[in-house]
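I have placed the structure first, in the form of structure tokens, so that the comments after it can refer back to it.
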Amino acid sequence: MRGKWLWIIPVVGVALLALSLFIAACAPATPQIVEVTKEVVVEKEVVKTVVVEKEVPVLVTPTPEVKKPVKIELWVDPRFDPQTAKGHPELKTALDYEKMVANDYIKNNPHVSVEIQVLDWADLPKKVPVAIAGGVPPDILRDYLGRTSAYAYEGVTVNLEEVVPKEELADFLPGLLELYTINGHLHGLPIFYWVQNMVVNAAPFEKAGLLDMLPLDDHDWTFDEFYAAAKAIKEANVGVEYPLVMQVASEQGDYAVHAFIWGAGSNTWRDDCQGLDLDNPQALAAMEFLNKLYKEGLINPDVTTAGWQDVNNLFYAGKGVFMGGGISTVNVSIPQAQKEGKVTAPMDARLTLYPHLGDKPSGLPVGPTGLVMFQKQGRSDYELQEITKFLIHLSSEKWQRDYCISSGQFPTRYSVGAPLAGDPNYELTLEWIKKYGVVSMGLNCPHYYEVRTAMPAFFQAMFLGKMTPQEAINGMMKASKDIFGK
């Protein structure tokens, strides 16, 4: 603190002053010394310590939020087995792949743990319904729409439009979301889809000088042209024994059979989803054509008992030259089989369309796979929220792109773009879809899977000569009606 203090200079006294005045009056005018009293202001700094209260901000590191642990149970199909998929040679099993995807999420969400089961194709339609009936389904299931639609009709799946943000759903192809909407609710998130075509091994045709019998330019051919090519290659003595290889021992082979029904101009399911739609001349013509091929030895004789691997082996050995398949067949499965030494005949696998009876090829069958979340008693809102976040991760742009590249699939999100752009088989399939459209397979119809699994017995009966093609159709129509009648 700074202040001013006054200091007064001392005086000699009144007497001295009077004497001085007297002398001054009597003395001559000479210089005199006069003592004067004067006030002078002097400044002086004074330092004073003062205590002052003041608020000072202090930075405090917040304590991280500790989230409650969440355990998620995930069941998946074996599609991404490194033995049949590509892109991750460091992985050994399908479970390794699924762990890789899950760990990509867990690294940023350490409070989450994921228990994964990879189910074989044969186990998926058995184990899941049993778990649902027992009240212990997984939290999330990845499977084909043809099976998950049944769970939606049972009312055991979570309505995803209520938990998945709208901005996420806006990135999905609307047509696929519509397929997954059953009874007004979105029961699953589609994550990829495949397209069924015919695969032909052109190598034997080239060896026999019959390459011009294949429609490798416009991929458009009739039943008669297909029959002529099959008969010619069998008679060419180049090792082809059964040109068309397929199986009807289970429902897993039905696309290769249904493709001829679609090619003849018939639907398989009614437009209103209330059962099969095979009671027509076109479907009968397709069944008669297939029966003719079988009787003439143009279809493998074990068609009623063979499994998918048996069909593949016949094709890899060059005994068959036509089979059902798609991009994953020519881009992934066959190259992998060649690498493992399973392909023992010259191979030039090409995609083409199935033959037809009308004036143009039929639309293409499209089969999506998706993620569904099951309802569970006792699940908290917090757990539901955390499971939903993981579900979105599994269907994310990043992993959809990986799914498509690894297994030759098509993405369901706009943001993924075309991960296989530039691949000739991919471009060709997109061109066909644009030109001919798609056919309804009935995947989101009620009782689809029950009806589907009832059909192989009638195909078997026809090939074994126990039923005529018309009787087989009648049997399938009755089975469908009985299932819906329940």
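Descriptive notes on the structure:
- Rounded tilt (10° steps) of 14-26 against the dominant C-alpha axis of the chain: 60 degrees
- Listed by chain and number, the lysines placed with their C-alpha closer than 29 angstrom to that of residue 486 are 126, 127, 376, 466, 478; residues fewer than eight positions away on the same chain are left out.
- Per-residue 3J(HN,Hα) values for the stretch 296-306, derived from phi via the Karplus relation 6.51 cos²θ - 1.76 cosθ + 1.60 with θ = phi - 60°, read 8, x, 9, 10, 4, x, 8, 4, 7, 10, 5 Hz in sequence order (x marks Gly and Pro).
- Neighbours of residue 435 by Cβ distance under 14 Å: Lys/Arg scored +1, Asp/Glu scored -1, total -3.
- The long axis of helix 94-106 is offset from the longest Cα principal axis of the chain by roughly 20 degrees.
- Estimated inter-spin distance, residue 153 and residue 83, nm [label 7 Å along Cα→Cβ]: 3.4 nm
- Global form of the stretch 352-486, assessed from the alpha-carbon gyration tensor, a/c cut-off 1.5: oblate
- FRET efficiency, 1/(1 + (r/R0)^6) with R0 45 Å, evaluated for residue 450 and residue 68 via beta carbons: 0.65
- Computed Rg/Rh of the chain, alpha carbon atoms with Kirkwood Rh: 1.57
- When each of 373, 347, 198 is scored by the number of other beta-carbon atoms lying within 10 Å, the sequence from fewest to most is 347, 198, 373.
- For the chain, DSSP calls about 70 percent of its internal beta bridges antiparallel.
- Dividing the helix sum by the residues of the chain, where each DSSP H run of 4 or more adds -39500 (n - 2.57), gives a mean residue ellipticity at 222 nm of -11500 deg cm²/dmol.
- Among 96, 77, 271, sorting on how many other beta-carbon atoms sit within 10 Å of each Cβ, with the fewest leading, yields 271, 96, 77.
- Note on 217, 254, 348: ascending count of other Cβ atoms within 10 Å places them as 217, 348, 254, the fewest first.
- Between helix 124-133 and the chain: long-axis angle, C-alpha atoms, 0 to 90°, nearest 10: 60 degrees
- Cβ-Cβ FRET estimate between residue 302 and residue 381, R0 fixed at 56 Å, reported to 0.05: 0.55
- If R0 is taken as 56 Å, the Cβ-Cβ distance between residue 108 and residue 435 corresponds to a FRET efficiency of 0.80.
- Distance-filtered residues of the stretch 143-177 - backbone nitrogen under 17 Å, label point 7 angstrom along residue 127 Cα→Cβ: 143-144, 147-148
- Using the Cβ of residue 81 as centre and a radius below 12 Å, the other residues enclosed give a net charge of -1, where K and R count +1 and D and E count -1.
- Dipole magnitude (debye, nearest 20) for the chain, charges at Cβ of Lys, Arg, Asp, Glu: 1240 debye
The numbers here are math on the coordinates, done by the rules we state, and not lab data. Keep in mind that this is a model prediction, so the values were computed, not measured. A quick note on method: Cβ atoms are made from the backbone with ideal geometry, for glycine too, and the neighbour counts reach across all protein chains shown.
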